[in-house]
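Q: Here it is, the structure in full.
The values are calculated or read from the model by the stated rules, or taken from the named source; none is laboratory data. Since the model is a prediction, treat every value here as computed from it, not as a measurement. Virtual Cβ from ideal backbone geometry, glycine too; neighbours counted across all protein chains shown.
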Amino acid sequence: MRLMTQEAASTALTPSADDSLARRYQALLAGQCSDAEQWLAGQLARVDGLRDDLPTSPWQLEAWVGEHAERVAQDYAAYLAARRQGAARRYFANRAQALWFLQQVAPTKAVDGAWLHGTLRHWRDPRYHGLIRTFLEELGDGDPRCNHVLIYQRLLSRLGCLEPLPLDDGRYLQGALQLALGQHGDRFLAEVIGYNFGYEQPPLHLLITTQELAELGIDGHYFQLHVTIDNAASGHARKSLQTLRQLWPQAGGEAFYQRVRRGYRLNALGIDTPSLIASFDLEGELLAALERKRAFGRLMHADHCRLQGRTINQWLSTAEAMPGFLQALQRQGWVCRGQDPARSRLWSLIEGPNAAMFGVFSAYEKQLWHDWIAGDWPGARVSRVAPGSWQAEMAPGERDDAHARALPLEALIQRMAGNRHALPEGLRATRAYAHATGLAQEEPH
């Protein structure tokens, strides 16, 4: 998901009650969602009927965190044991499925940590420091190499997935929730604490995703980072528990805990990660990619090229013809399913610097073609379309920070909202905020 520029933000409009989640998400990113507080209250009302797995007493949470971490560790050990014995990957049958998943969750990853933005104004209160430090660590303390949103952005860029796919509206729900919580954190403090507590407990799917992305030649640093930084011993999972204790009210504790549990349940809204991954349909995604191209290519082909008696332009004339087009490619021998794609004429036309259709398909779209052609070919388990190159970013320089340090603290906080913190001015603002508040993390001596 692209970072929102100021120009794009200025065109975003406040959504009405019946608007899509995608539109609300963009309005929240722009800070122009006037009914965000009411919408968030409505989402919290939705979870009242849901159950959660938290203990009935908050004093049992310490044991719950330990038990959760132990259960995830045991389940992951069982997964690895099964893999060593020859079991297939649990999530990703091919690289195309992994690239599809990374794009499906991009709206949420583009606002990583946003639910904690409202805590920044409470830097004078040490009870908030655990939440603020968690937020600053999500922002990489202003270092472009460590900012979580930028790490994910660079990953998509390297994989050729920077151009966003048309996404189901539900993909924007969790990102919208995080933005709304960050913008109304004072009213919904207990809910923010509960959401943060749930989000920072490392789940099994995070470990499996990290393992399987690496097997497919995809840099899983973003996911591995969340395995380590969220650990229950000293990471964000531990900080979330400590914060709950520190901000526990002197009166009304039971009502406070019930609100914490409501915030925790917000994590359950929307489709869960394993179900999302399992919903991938390789041929369906390939057909969707062809449909996106069809309108641009239906008059661009010479008539001497024919498949099953029809010109390419005729095949591309209607959306209904696309499934038949795939069948025609196979019947005429342009595609040899279940074999090395290099043996298919079509692949030679779309892959390589001298290919006749060089640049027509993105890296992701070529991966769809590759894995659809390969099918059950044994080499398909590890074969991949080569990603683009990437150069590491330089560390931030002190000379860039002088102007930001002269700004009022409120201006710095505004520049750290949504995903603006991943823009150059936001990175400088993050470093200046940490310096001004004394919350910068010192390096070991």
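Q: Considering the stretch 321-353 alone, what residues qualify as being basic (K, R) and farther than 23 Å from G309 by Cβ?
A: Hit for the stretch 321-353 is R343, nothing else.
Q: When you scan the stretch 228-243, do you find a residue that is crowded, with 16+ Cβ neighbours inside 10 Å, under 26 Å from A87 (Cβ atoms) and not β-branched (V, I, T), even just one?
A: No, the stretch 228-243 contains no residue that is crowded, with 16+ Cβ neighbours inside 10 Å, under 26 Å from A87 (Cβ atoms) and not β-branched (V, I, T).
Q: Continuing with the same structure: Taking the stretch 275-287 as the region of interest, how many residues are closer than 12 Å to A96 by Cβ and free of Cβ contacts under 8 Å to residues at least 24 places away in the same chain?
A: Residues that pass the stated criteria total 2.
Q: Another question, then. With respect to Y172, is the statement that it is more than 22 Å from Y364 (Cα to Cα) and of a type in the set (S, T, Y) true?
A: no
Q: Further question: One residue is enough: does the stretch 363-382 have a residue meeting the conditions modelled with pLDDT under 85 and in a loop (DSSP other than H, G, I, E, B)?
A: Yes, there is a match, as at least one residue in the stretch 363-382 is modelled with pLDDT under 85 and in a loop (DSSP other than H, G, I, E, B).
Q: Moving on to the next point. Residue pairs, Cβ under 6 Å, 6 or more apart or interchain, first in the stretch 22-45 and in a loop (DSSP other than H, G, I, E, B), second surrounded by fewer than 20 Cβ atoms within 10 Å (Cβ to Cβ). List them.
A: Correct list of pairs: A30/A9; A30/A12; Q32/A12; Q32/T14; C33/T14; S34/T14.
Q: Please state which of the following conditions T243 fails to meet, knowing it meets all the rest: (1) outside any helix (DSSP H, G or I); (2) of a type outside the set (G, A, S); (3) in contact with a Leu (Cβ under 6 Å, 6 or more places away or on another chain).
A: Result: T243 fails condition (1) only.
Q: In the stretch 136-169, what count of residues is obtained for those that are farther than 30 Å from G284 by Cα and among the small types (G, A, S)?
A: Number satisfying all stated conditions: 2.
Q: Would you check if E62 is acidic (D, E), modelled with pLDDT under 95 and either over 22 Å from the mean Cα position of the chain (by Cα) or not assigned by TED's automatic domain parsing to the domain that holds L225 (or both)?
A: yes
Q: If I ask for residues that are assigned to a helix (DSSP H, G or I), among the polar types (S, T, N, Q) and closer than 18 Å to G194 by Cβ, which ones from the stretch 54-77 would you list?
A: Hit for the stretch 54-77 is Q60, nothing else.
Q: Okay, next question. Tally up the residues in the stretch 309-355 that are closer than 16 Å to L287 by Cα and in contact with a strand residue (DSSP E or B) (Cβ under 6 Å, 6 or more places away or on another chain), please.
A: Count: 1.
Q: For L80, indicate whether it is in a helix (DSSP H, G or I) and crowded, with 22+ Cβ neighbours inside 10 Å.
A: No: the conditions fail for L80.
Q: Take the conditions over 15 Å from L241 (Cβ atoms), surrounded by fewer than 17 Cβ atoms within 10 Å (Cβ to Cβ) and in the same structural domain as A214 (by TED's automatic domain parsing) and apply them to A87. Does it pass?
A: yes
Q: Take the conditions modelled with pLDDT under 95, touching a Gly at 6+ places or on another chain (Cβ under 8 Å) and either outside any loop (DSSP other than H, G, I, E, B) or among the β-branched types (V, I, T) (or both) and apply them to G182. Does it pass?
A: Spelling it out, it is not the case that G182 is modelled with pLDDT under 95, touching a Gly at 6+ places or on another chain (Cβ under 8 Å) and either outside any loop (DSSP other than H, G, I, E, B) or among the β-branched types (V, I, T) (or both).
Q: Since V111 meets every condition but one in (1) farther than 24 Å from Y264 by Cβ; (2) of a type outside the set (D, E, K, R); (3) crowded, with 22+ Cβ neighbours inside 10 Å, which condition does it not meet?
A: (1)
Q: Further question on the same structure: Which count do you get for residues in the stretch 215-244 that are modelled with pLDDT of 95 or more and under 17 Å from the mean Cα position of the chain (by Cα)?
A: 1
Q: Of the numbered conditions (1) surrounded by fewer than 17 Cβ atoms within 10 Å (Cβ to Cβ); (2) at pLDDT 90 or above, P203 satisfies every one except a single condition; which is it?
A: (1)
Q: Return the residue satisfying two criteria in turn: it lies in the stretch 124-164 and is over 13 Å from the mean Cα position of the chain (by Cα) and among the hydrophobic types (A, V, I, L, M, F, W, C), and of such residues it is surrounded by the fewest Cβ atoms within 10 Å (Cβ to Cβ).
A: My answer is C146.
Q: If you don't mind, another one. Being small (G, A, S), more than 17 Å from Q174 (Cα to Cα) and outside any helix (DSSP H, G or I) is the filter here, so list the residues in the stretch 260-289 that pass it.
A: Once the filter is applied, which keeps residues that are small (G, A, S), more than 17 Å from Q174 (Cα to Cα) and outside any helix (DSSP H, G or I), the stretch 260-289 yields only S279.
Q: Can you tell me which residue within the stretch 43-77, out of those that are exposed (fewer than 12 other Cβ atoms within 10 Å of the Cβ) and among the hydrophobic types (A, V, I, L, M, F, W, C), is farthest from S279 (Cα to Cα)?
A: So, considering only residues that are exposed (fewer than 12 other Cβ atoms within 10 Å of the Cβ) and among the hydrophobic types (A, V, I, L, M, F, W, C), the one farthest from S279 (Cα to Cα) is W59.
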